[in-house]
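S.K.: This is the structure I have questions about; it appears just below.
The values are calculated or read from the model by the stated rules, or taken from the named source; none is laboratory data. Since the model is a prediction, treat every value here as computed from it, not as a measurement. Heads up, the Cβs are rebuilt from the backbone with ideal geometry, glycines too, and the neighbour counts pull from every protein chain shown. With ligands, DNA and RNA removed, areas are computed over all heavy atoms of the protein, side chains included. Shrake-Rupley method; radii C 1.70, N 1.55, O 1.52, S 1.80 Å.
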Amino acid sequence: MMVFLRRTLLLRYLLLSTGLALLLFLTSFWLPQGEQRDCGSVWQPCLTYYIQTPLAPPILDERAESDEAPPLVKECPGQTFQARKLLQFLRSSLAEDGEDVLLEPYLLSWDQLLNFMESLGTMVSFFSQKVREKTELIRQLSLKRSSESQAAGSSGLRTGAYRSVRSMVEAELQAGMVSFSRRTDSGCRTLLRLHRSLLWLKLMLEGLSEGPDAEGRFKTPGELSRDAYKVALAPHHPWMLRQAAEIVFLALPDREYFLQLVCVQKQEEATPVLRIIIHALSVVHTRTQRLLAKYNMLELP
């Protein structure tokens, strides 16, 4: 019996080690979501079960939104991720015109989401590293643009071309920075990758906010992450990266750990808190979706 248990543990460790090595190899490809290669090769098998369909933006009520987080969403001492700060940044990113998204608070929202991802363990940190690189790229492009145009202030996100999603899109189109046929290091292309990842996180949180199924069973965070990944990111990733993602889903902590990240102990407490956060994520995602669709940027290579 002991021999069997040892072999089982050894097999599990070997599986995780193999996945970790694969992630190290593929980490530079994380979130490429770019050009679609022909299927049928060793590196890119044909897919029949990932069918990409346009996601219709939901109709959301943005009334009664404010920059202040409700008391229900608490500050959680002793951890880097703060759901209350995330909610404040998401709400403050909503421009008053009802359509645009302000980039500075949007990127601050991503700083909190990165803290959330990195709280889930070493395996997920390989993914969060590439997301962090994308938020920093937009910031660097903003500062460069601000310097070139001698914009007032120390932060290019506050004034000038990179103040909001719309202003960035229009400025980069005018400057010829965006290509619809090849990859470029434009803010628009980078934002699209963040936009898809935001959908992944939103769908995962939606699953965590739901109650048990008809048999009284809760889906595990790994299952919820896998389901969200298939919708939001898998259609844009090569085959090998999808396989690596499966290893990460196996390594995710249990549901109780996720609940603690939003400073609650029970599912009954978590559901209303998560729904407040999900609503804010949905509003930001919907506005960004509409802006990218308006300029035909939802499929940039």
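S.K.: Here are some conditions: (1) part of a helix (DSSP H, G or I); (2) within 22 Å of the chain's Cα centre (by Cα). Residue 173 meets all but one. Which one does it not meet?
M.R.: Among (1) part of a helix (DSSP H, G or I); (2) within 22 Å of the chain's Cα centre (by Cα), residue 173 violates only (2).
S.K.: Could you go through region 240-249 and let me know if any residue there is touching a Cys at 6+ places or on another chain (Cβ under 7 Å) and under 30 Å from residue 184 (Cα atoms).
M.R.: no
S.K.: Looking only at region 190-214, which residues are more than 15 Å from residue 280 (Cβ to Cβ) and charged (D, E, K, R)?
M.R.: 193, 196, 210, 213
S.K.: Another question about this same structure. Is it the case that residue 108 is closer than 24 Å to residue 292 by Cα, touching a strand residue (DSSP E or B) at 6+ places or on another chain (Cβ under 9 Å), at pLDDT 95 or above and not polar (S, T, N, Q)?
M.R.: No.
S.K.: Follow-up. Which is modelled with pLDDT of 85 or more and outside any helix (DSSP H, G or I), of 167, 142, 179, 154?
M.R.: None of the others qualify; the one that does is 179.
S.K.: Could you list, ordered by first residue, the pairs with Cβ atoms under 9 Å in which the first is in region 219-239 and at negative phi and the second is open to solvent by less than 10 Å² (accessible area, probe 1.4 Å) and of a type in the set (Val, Ile, Thr), at least 6 apart or interchain?
M.R.: 222/248; 225/248
S.K.: Evaluate the following for residue 74: is it at pLDDT below 90, in contact with a Cys (Cβ under 8 Å, 6 or more places away or on another chain) and open to solvent by 80 Å² or more (accessible area, probe 1.4 Å)?
M.R.: yes
S.K.: Could you look through region 118-151, keep only residues that are of a type in the set (Ser, Thr, Tyr) and under 30 Å from residue 257 (Cβ atoms), and pick out the one that is most open to solvent (accessible area, probe 1.4 Å)?
M.R.: By that ranking, first place goes to 122.
S.K.: In addition: Count, please, the residues in region 68-121 that happen to be over 18 Å from the mean Cα position of the chain (by Cα) and in a loop (DSSP other than H, G, I, E, B).
M.R.: Of the residues in region 68-121, 18 are over 18 Å from the mean Cα position of the chain (by Cα) and in a loop (DSSP other than H, G, I, E, B).
S.K.: Looking at this structure, is residue 213 within 21 Å of residue 114 (Cβ to Cβ), at pLDDT below 95 and open to solvent by 30 Å² or more (accessible area, probe 1.4 Å)?
M.R.: So residue 213 fails the test.
S.K.: Now for a different question. Evaluate the following for residue 208: is it surrounded by 16 or more Cβ atoms within 10 Å (Cβ to Cβ) and in contact (Cβ under 8 Å) with a residue 60 or more places away in the chain?
M.R.: yes
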